[in-house]
Amino acid sequence: MPANVETMFSVRETPWHGLGRIIMDAPASREALELAGLDWQVESHNIYSGTGAMIPGYRANVRSTDDAVLGVVSDRYRIVQNEEAFQFTDDLLGEGVTYETAGSLQGGKKVWMLARLPRKYLIAGDQVVPYLVIFNSHDGSSGVKVAMTPIRVVCQNTLNLALNTAKRSWTARHTENVLLRVQDARETLQLASNYMVELGNRGEELARIDLSDHKVQEFINEFFPISEDLSDCQRKNNLRLQEDLKARYYNAPDLEWVGKNGWRFINAVSDFATHADPLRKTKNYNENLFLRTAEGNPMIDKAYKMVLAAA
């Protein structure tokens, strides 16, 4: 298990974000909480100076099982317990929701749950499945965030494009009662289902944008330029990255049937952004890549804008 993942489970196979141990059946929330190692409480403790004086305005979030300090937060911070986050998701998605994966990162400072939604979509001839990912933090770094993450089934690539016409995420701060905002989140979730419809429309549009080999090379050069001001090492690295992206566009078996068009290029970039090893892989690379799923991937968004501009 990667170094930064504290505990987690995954159903049937290692999921698209590359983390986790495997179980055979997707559990309901109570079992998922235990399997993910999230069956602990966060307690709010006073903070004292070295002289023993209480420090006003701040509290320490402490894990009940081992007294680990997860973060220092303002006294306005409202803790959302792991059990509450699962209950929130149950209420959001309705009775019978099951979880594909859940777990803890960075020593319990961040937790997540991921549910695979039952409906599948066919976009430009590809089967795409929407996932709902829920992030929560106990260190004060972020609020509760719910986001749709579409996955192209054949290659497990993320397709979380930033679309101006459809929203795919919802956020609540820890200074408000998140649990009372289920209806707000549910309305956003309905908007997020509209996101999948809009993603389908954009996918069909991308498939109609033909790209010459010259234009594809222009795009790749824009991502990884080979210019005279680069050092030999930088030029060598960018050439390597160019060849990797070109191979994903021209040679990927799952794109053999796709014409030379915008949909093919978006999927090649998504494959690169989702699965390519970086030049320097840190020990928590996979965890950081997964945490960005709620925010979207800037490389995929840039590719989308480039293709639209070429239409």
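Worth a mention:
- For segment 141-272, the solvent-accessible area with a 1.4 angstrom probe is 48 square angstrom per residue.
- In order along segment 72-88, the phi-based Karplus estimate (6.51 cos²θ - 1.76 cosθ + 1.60, θ = phi - 60°) of 3J(HN,Hα) comes to 10, 10, 6, 6, 8, 5, 9, 5, 10, 5, 4, 4, 5, 5, 5, 5, 4 Hz; Gly and Pro are listed as x.
- Net lengthening on full extension, D66/L180 (0.36 nm per residue, minus Cα-Cα): 38.0 nm
- R0 of 41 Å, Cβ-Cβ distance N46-D277: FRET efficiency to nearest 0.05: 0.35
- Cα-based values for segment 72-215, radius of gyration first and Dmax second, are 17.2, 58 Å.
- Extending 7 Å from Cα along the Cβ direction at E204 and again at C233 yields two label points whose distance is 5.0 nm.
- In nm, spacing of pseudo-spin labels at A247 and A162 (7 Å Cα→C-beta vector): 3.0 nm
- Of the chymotrypsin sites (Phe, Trp or Tyr not before Pro) found in segment 167-261, those in coil by DSSP whose Cβ has at most 13 other Cβ atoms within 10 Å are W257.
- Percent carbon-and-sulfur accessible area, segment 145-220, ignoring ligands, DNA and RNA, probe 1.4 Å: 49 percent
- Of the GluC sites (Glu not before Pro) in segment 159-235, those whose Cβ has at most 13 other Cβ within 10 Å and which sit in DSSP loop: E176, E228
- Per residue solvent-accessible surface (Å²) - segment 53-123, probe of 1.4 Å: 46 Å²
- Note on L122 and V197: their simple-model spin labels are 1.9 nm apart, each label 7 Å out from Cα toward Cβ.
- When all protein chains stay in place and ligands, DNA and RNA are ignored, the 1.4 Å accessible-area order of L92, L239, largest first, is L239, L92.
The values are calculated or read from the model by the stated rules, or taken from the named source; none is laboratory data. Here the structure is a predicted model, which means the values were calculated and not measured. We place every Cβ from the backbone using ideal geometry, glycine too, and count neighbours over all the protein chains shown. Note: areas computed on protein heavy atoms with side chains; ligands, DNA, RNA excluded. Shrake-Rupley method; radii C 1.70, N 1.55, O 1.52, S 1.80 Å.
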